[in-house]
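Heads up: the structure comes next, in structure tokens.
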Amino acid sequence: MKKNIYLNIILVFLCLYTFLIGIKGLSSAINQISSPDDIFVGDQVQLKYILVDEEKVKKAWVEVLAKPDENGDFDFLYRQKNIETEEVTEVFGKGNVSKKKKVASKWFLDATDSAFICLFIGIFATVIFQSSSTTTSLIVAMAGGAIILPSSAVFMVMGANIGTTVTNTLISMGHITKGEEFKRAFSAATVHDFFNLMAVLIFFPLEMMFGLFQKMSTGLATLFFSGDFDVEFQSPIKAAVKWGVGHFKDLVHVISDNDWMLLAASGMLTLFMLFSIVKLLKNMVLEKVEAFFDKYIFKTALRAMAFGVVLTILVQSSSITTSTIVPLAGAGVLTLRQIFPFTLGANIGTTVTALLAAMVLNPTAMIVAFSHLLFNIFGIITIYPIKILRRIPMSAANKLSELAVRNKFIPILYLLVVFVLIPLFIILIGG
């Protein structure tokens, strides 16, 4: 009996690892499909590094001044603002289009003047990248390069917090044919959505009126930023998953180099592993599994929250962390009450990536990174300790999951409207 349990535990971890490979494969495919092929005058391009006064500036965002020539070379302008002196450094140079990482179009930059549009840009960008860590790191880099204002960046990271919840909501759809199991999984996924929406509803108007997080973050950035940091946390879990994703991509590319093929293969792998995890958990003695979680990890809300923080720092993605527990909820191993504080911990843990990215840039970038951290901390201390407020996200998630079980079209409509149609409509109308 014990041998079977140990074997099942090993298989669960192997399935979880493969599940993470599928998630990262999906993210990579979506990123490649959505990346623009061409750059134009006025666009912003992120280069690996440029030289400023004979010193390397890593991950520098530059403005394209001329179309790339036949060799891919283009003229650029690099700007960096000093928050203490308000002086802007301008450096002209030449770069190569093959070294670009991301493109921010001129249209996008013009649209960032509106706080409301910035919020929805943050949502939509995170839906595309399937990672708030990626989105916030890019926002931090653009703010550090004086491309967008810190005030605009704060609203973008608020949006990124909402957008990051789409991954676990999508994962819960893997249970859609299984009534009560789907109800548990969908409520576990959407409780994160409702908490982040609630936090934005509270703090978005306050930030617009008073610049609450920007002012606090400016003080912290000035206090803590004192020199040239060269910090880069190498997550062993992330490295292991990256290794697996690399081999998975190679295998897919044997069949086809098409990014859509990678998307389809990653999606099928993710769903297959999701079903396998649930089946294995059901085959195990659930009472013993539940006892393990109750005793060691989810015994108290504080312990669950701390576990969410630590696990997300290790994985460097709240999307992956929260997605991993959705099958556990579907299998009945974890309750919504246990999962809720864990997802809040994941919100804190995901800010570490942006903080590390900011440490190699400048105080302006630190303002944005600290804003992300403070927004998540204040969201938790404002909502979670107050019983009546704490119940709102859980009640909303339960009610939506009940509706979703009755009508399978509702969760699909919810995903499309909240995460795609509304953000796109606001961005296009506002832009």
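For this structure, a couple of remarks:
- Any chance Ala369 is in contact with a helix residue (DSSP H, G or I) (Cβ under 6 Å, 6 or more places away or on another chain) and modelled with pLDDT of 90 or more: no
- Highlighted here are the helices (runs of 4 or more DSSP H) found entirely within the range 316-431 that include at least 3 residues which are touching a Ser or Thr at 6+ places or on another chain (Cβ under 9 Å): 318-330, 336-349, 351-359, 363-383, 387-406, 409-416.
- So Gly308, is it over 22 Å from the mean Cα position of the chain (by Cα), of a type in the set (Gly, Ala, Ser), modelled with pLDDT of 85 or more and assigned by TED's automatic domain parsing to the domain that holds Ile383: no
- Filter result for the condition that a residue is over 18 Å from Ile339 (Cβ atoms) and in the same structural domain as Ile412 (by TED's automatic domain parsing), over Ala188, Ala125, Ala160, Ala141: Ala160
- Single match in Phe155, Phe194 (criterion: touching a Cys at 6+ places or on another chain (Cβ under 6 Å), of a type in the set (A, V, I, L, M, F, W, C) and in a helix (DSSP H, G or I)): Phe155
The values are calculated or read from the model by the stated rules, or taken from the named source; none is laboratory data. Keep in mind the model is a prediction, meaning the values are calculated, not measured. Glycine also receives a Cβ, built like all others from the backbone with ideal geometry; neighbour counts cover every protein chain displayed.
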